C-alpha cells in the first residue's frame, strides 16, 4: 500500500475518505468489544472481532494515504 507515498489521484483519495463501516457493523463491534471486556467472548466472536479490527486498520492506512495524496495535490501557496 505504501501509505507514506501520496500517489492516489484526488478522485480516488476522496472516494477512499468516504469509506466507513455501516451503523450495524459499528453496533456489532461495540457488542463484541463489551463481551471481550467481560471475558465472555466465544471463539467465533473473537475471530469476528479480530476481522473487524483488521479491516479497520487497513482502512485507516488507506485513508492516511488518501489524505497525504490530497495534500500533495494541492497547489502550493506562493
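The values are calculated or read from the model by the stated rules, or taken from the named source; none is laboratory data. Every value quoted in this text rests on a predicted model; they were computed, and no experiment measured them. For neighbour counting, all protein chains shown are included, and Cβ atoms are generated from backbone atoms with ideal geometry for every residue, glycine included.
Listed here are the residues, each with its yes/no results for (1) assigned to a helix (DSSP H, G or I); (2) within 18 Å of the chain's Cα centre (by Cα); (3) surrounded by 11 or more Cβ atoms within 10 Å (Cβ to Cβ).
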| site | (1), (2), (3) |
| --- | --- |
| 6 | no, yes, yes |
| 13 | yes, yes, yes |
| 31 | yes, no, yes |
| 35 | yes, no, yes |
| 45 | yes, no, yes |
| 56 | yes, yes, yes |
| 59 | yes, yes, yes |
| 65 | yes, yes, yes |
Checking residue 39 against (1) at pLDDT 95 or above; (2) surrounded by fewer than 12 Cβ atoms within 10 Å (Cβ to Cβ); (3) at negative phi: exactly one of these is not met. Which one?
(3)
